[in-house]
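Values quoted throughout were computed directly from the atomic coordinates according to the rules given, and no laboratory measurement underlies them. Nothing here was measured: the structure is a model prediction, and the numbers come from that model.
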Amino acid sequence: MKQCIQLSVFFIFLTSGIGSTVFAQEKTSSIKTSAAVEQLIKQKKEVNKAVFDAQYYAIQLYYGNNTAAERILRSFKENYPEWEAELSFETPNYKVRVGRFKDLNLANQKLEEIRKEYPSAFLLEPNNL
């Protein structure tokens, strides 16, 4: 008898849930913005893009005196002509940096390749902002 009552209660809940109609709320809204706000949003997007484009990983091959830096840069360009390479000066050293990688994994792969010939090379993220 108790099992029959439980079964009946179960079917009542089941059928009441299936038979009921569900009403959802529907609302559309529009936001009005001024031309100044639109201009600020556009400028912010441009700044964000510039920051993203300026951030990259590079491999530093050498830092030290100018003569050795120029020799290493020349050697690297002969061995890897397709790579971007630059010589820069930051007091008190000259630095040879190569590559511009957006992807950290790719940068690490290239670093391992470069270390075969330049064992002191290391990966860095220059502050270009």
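In this model, which of K44/K102; K49/K116; K45/K95; K44/K95 are farther than 25 Å apart at the alpha-carbon?
K49/K116; K45/K95; K44/K95
Please give the direction-averaged projected area of the C-alpha convex hull for region 57-124, in square nanometres with one decimal.
Averaged projected area of region 57-124's Cα convex hull equals 4.2 nm².
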